[in-house]
Structure formats: structure tokens, C-alpha cells
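Remarks on the structure that follows.
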Amino acid sequence: KAGGLGRTAPLRQHAAASRKDRTRMRDVIDDIAGIAEGSDLDALRALRPDVRAATAGSEAAIFDGPSGLTTGERHAVAAHVARLHNDPRLEARHAALAETGSPRLGTLYAFATLLGEHTDQASPAAIQALSDAGLAPRDIVMLAQLVAYVAYVTRMGVALGLLAGKDGAGGTAVPLAPRTPGTADFGLTVESLDWEAWAPVLDIAQATPEQLAILDASHASARTSPYYLLLVQEPAVLRERSKLFNTIMYGPPGASRAEREFASVIESRINGCPYCASVHAQRW
């Protein structure tokens, strides 16, 4: 999802790595969850090799790719988000590579905290604060995608730990009430809701061949969609994020499509996101 930038429907693009490479690949989630090769959890994760491959691809695109955010700033924000999620292993992993002297880290942390703890309160003003700190639109996209990715990694680590009989940071109890006041009042609809970008989108006339290819692979109307024209400003991240999302939502084996959409409706409801809730409710 484009957390804090707007909300939209899922993309549809499949991973292209070979089955052999995907089966052998391990990722950051294996590391933070302490999954040993040959263990029961390793065998369980091997049933969904595309998830490992897409996770590794997203990790590389977010932390190793070119960006107006320095590598150290990206790791610093990742450590901050991991700390918000009470994940000391993931926090330490990123803190070791963090740049703590950047004068704009306070602004980056504030936005990351907004998305991590009060997603429903994201606003154009929050985006403007990033622009005022010198972030270009593609840097804002990178920041939002980074926050969402770290949340995914830490939650996967906790979930796998629970399967291994370990408690999460807050025990096994799952809070079902919305995190912030007012989000319980937005209702639930299966109607399609409009989506408006809060940051400048790409002028399609200025798109590179790579961006055009990713747009065309994403959706038939992506070249005119503000959502896609916003996220494609970080084309590698969009490409890898799409692979990850699609293999989780549509790849075999595992839960049925209806069960996955139902879980997404619940999560969107807890996060206070009526847009995502409506999208997944349509498909549930």
C-alpha cells in the first residue's frame, strides 16, 4: 500500500525468478526470526519461495537502490520503525548501518511514526513537511514504501515466532480495536472510492522506457492513474513491491483467496483505512 500517500487497489504482476533460485533463497525474515536451515519453519517457508524472493528483491530496491535519501538515512528510519514495532533484532540490524547525523532525521522520524501509529491521520500537511525538508516526490514515495516494508518484515518475524511457540513483543493477544480515535466510525463499503495523490505525480510525457514498461505491466489504465504515476517515480521499488504483494495475495499454496481478502479487510479496518477496506471487501 502507499501508506500516507493515498490508498488504492492491488497491483497484478508476477515474480520472474527461476523456481530453483527461489527455492534456495533466504531473506531478512529468516535472519530476524532465527530460522535455521533444515528446520520446520524453514520447510514451511520453502512452500512459498516466491515470498522469499520478492522480499529479498524489495529489500535490495529499498536499501541498495539510488535515492535522494541516503543509505544511512534509510537505515536510520528503518531502525526507528522497527523500534516502534518493538523488534530489537530488526532495529539492531538497521541501526548498525544508520546515519544519525542527518539534520532532517527528525522530520523523517515524525512521518514514519505517523504512518506506523496513526495512519488514519496522514494528511497533505505531512507530505508538505517532507517537501519543506528537501524531499523530492520520489523520495517521499521511497520513505512511505520503506515504512510499509519494515512493518511487513517485523510482522512476518513475529508471526513465524508465534508458530514456533514464542510470544510476540506484546504477547499473543491481538488488539482488534482501531489504534486511534474515530477510525471505528468510517463504516464499511464495497463501493469504489476515489483516490487522490497528495504529492506530485509523474508527467507521463517524461516517463522513461523502464517506467512505461512497469506501468503497462501493472494495470491497463496505469498510464492515466494518479496512484501508479505517483509510485512509478521509484520504479524498482514499485516493481519489487508488486511482486511481493501479488505472491502473498494470489500465489499458491495456502489460504483461499476469500480468506486472504477477509484478513486484508480486517487489517485495513484496524489501520483506519476505508479505501483499502473497500477494495478488499469487493474481492472478498
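The values are calculated or read from the model by the stated rules, or taken from the named source; none is laboratory data. What you are looking at is a predicted structure, and each value in this text was computed from that prediction instead of being measured. Cβ placement follows ideal geometry from the backbone for every residue including glycine, while neighbour counts extend to all protein chains displayed. Heads up: the accessible areas ignore ligands, DNA and RNA and are worked out on the full protein's heavy atoms, side chains in. Shrake-Rupley method; radii C 1.70, N 1.55, O 1.52, S 1.80 Å.
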Report task. Assuming a ≥ b ≥ c are the square roots of the Cα gyration tensor eigenvalues, decide whether the range 213-280 counts as rounded (a/c under 1.5), prolate (otherwise, with a/b larger than b/c) or oblate. Result -> oblate
Query raised in the report: What are the ³J(HN,Hα) values, in whole Hz, obtained from phi via the Karplus relation 6.51 cos²θ - 1.76 cosθ + 1.60 with θ = phi - 60°, for each residue of the range 114-122 in sequence order, with x given for Gly and Pro?
Result: 4, 6, x, 10, 9, 4, 5, 9, 4
Requested in this report: Please work out whether the range 35-140 counts as rounded, prolate or oblate from its C-alpha gyration tensor, where a ≥ b ≥ c are the square roots of the eigenvalues and a/c under 1.5 means rounded, while otherwise a/b larger than b/c means prolate and anything else oblate?
Outcome: prolate
Query raised in the report: Using a 1.4 angstrom probe and counting only protein chains, how large is the accessible area of PHE262 in Å², to 10?
Result: 90 Å²
Query raised in the report: For the range 126-137, what does the Karplus curve 6.51 cos²θ - 1.76 cosθ + 1.60, with θ = phi - 60°, yield as ³J(HN,Hα) per residue in whole Hz, taken in order and with x for Gly and Pro?
Result: 5, 5, 5, 4, 5, 4, 5, 7, x, 7, 6, x
Query - Label-point gap, in nm, between ALA60 and LEU188 - each point 7 angstrom along Cα→Cβ - result: 4.0 nm
Query raised in the report: Considering the zone a paramagnetic label at ALA263 would reach in this model (a point 7 Å from Cα along the Cα-to-Cβ line), which residues of the range 225-254 have amide N under 16 Å from it?
Result: 244-254
Query raised in the report: Pulled fully out, how much extra length does the chain show between LEU212 and GLU99, if you take 0.36 nm times their separation in residues and subtract their Cα-Cα distance?
Result: 37.3 nm
Query - 3J(HN,Hα) from dihedral phi, the range 51-68, Karplus parametrisation 6.51/-1.76/1.60, rounded to Hz, x for glycine, proline - result: 5, 4, 4, 6, 5, 4, x, 5, 4, 5, 5, 7, 9, 10, x, x, 6, x
